[in-house]
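Quick notes on the structure that follows.
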Amino acid sequence: MNFNLFNFIFFFLSLFLTSSSIAQSRVTFDAGQVFSNYKFIDAEGNTEKNFTNNIGGCFSLGYQYALNNGLFIRANIGMRKAGASIIINETNVTWNVQYADANLGLGYMVNKWRVKPYISASPYFGYILNAYQTIGPDTYDIKKNKSLKTSDYGVFFSPGFKVDLSNVIAFYAEYKYILGLQNLESSEQKSFNRGFSINLGISVTIIRYNYITSQ
């Protein structure tokens, strides 16, 4: 997985370094609904499949550097909800977690039509702002008692589309798949963040200039 991701990043950076094009710098803001879950593996290696999604919110501020051949680099910071729920012995158990995220990614956009589809992959790092586990009527601060690791890392995969409203402002919508690669458990068990979000956003072009490199 890490090797394939490295090849993906190297391939796109190589295309950037050999491109001659007009570039644009953009700032972005988006917000959306997160449907979060866990991939959980117990100490015996069995995978638990009975978790249900938690639903929460997310938002991010971002910067994009885009060439008119469709290639772009994106960087975002933001916050998102995470967690999951499960029923154990007729008792509802819920994890509610909030992360601050930073991510840096690469993507490609098809510039042929007014509606411009795109896809990107963005490795991310997240830090827990707060985390609670509710078992029946009781709630526990699992960040404070250190039963959950405070950091997470993984990859966001984001297909979407952009619509230019003017020469400066554009609207975009994207589906963001969350693939957590960090084991969140402090015990012999393993859990990984999973889920997706549906985001709507606005992109504002702040700079247009020639980007020319020798080949």
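The values are calculated or read from the model by the stated rules, or taken from the named source; none is laboratory data. Note that the structure is predicted; figures quoted are calculated from it, not measured. Neighbour counts are summed over all protein chains in view; Cβ atoms, including those assigned to glycine, are modelled from backbone coordinates with ideal geometry.
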Positions within segment 153-169 being modelled with pLDDT of 95 or more and small (Gly, Ala, Ser), in sequence order: GLY154, SER158, GLY160
Looking at ASN54, ASN50, which is the one that is in contact with a strand residue (DSSP E or B) (Cβ under 7 Å, 6 or more places away or on another chain) and free of Cβ contacts under 8 Å to residues at least 40 places away in the same chain? ASN50
Given the conditions (1) closer than 27 Å to SER147 by Cα; (2) at pLDDT below 95; (3) within 17 Å of the chain's Cα centre (by Cα), which single one is not true for ILE9? (1)
Complete set of residues in segment 205-215 that are of a type in the set (Val, Ile, Thr) and either part of a loop (DSSP other than H, G, I, E, B) or at pLDDT 95 or above (or both): THR213
Checked segment 186-209 for anything buried (at least 18 other Cβ atoms within 10 Å of the Cβ) and not small (Gly, Ala, Ser); matches are PHE192, ASN193, ARG194, PHE196, ASN199
Residue under question is ALA100, and the condition is that it be more than 27 Å from PHE40 (Cα to Cα), without any contact (Cβ under 8 Å) to a residue 60 or more places away in the chain and in contact with a Leu (Cβ under 8 Å, 6 or more places away or on another chain); does it hold? no
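Taking segment 22-54, which residues are assigned to a loop (DSSP other than H, G, I, E, B) and surrounded by fewer than 19 Cβ atoms within 10 Å (Cβ to Cβ)?
Selection gives ASP42, ALA43, GLU44, GLY45, ASN46, LYS49, ASN50.
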Let me spell it out: the conditions are (1) farther than 19 Å from LEU184 by Cα; (2) at pLDDT below 95; (3) surrounded by 18 or more Cβ atoms within 10 Å (Cβ to Cβ), and PRO137 meets all of them except one. Which number is the exception? (3)
Looking only at residues that are among the small types (Gly, Ala, Ser) and more than 17 Å from GLU174 (Cα to Cα) in segment 67-89, which one is surrounded by the most Cβ atoms within 10 Å (Cβ to Cβ)? ALA82
Where in segment 89-191 are the strands (runs of 3 or more DSSP E), entirely inside, with at least 1 residues that are within 22 Å of the chain's Cα centre (by Cα)? 91-109, 115-135, 151-164, 169-180
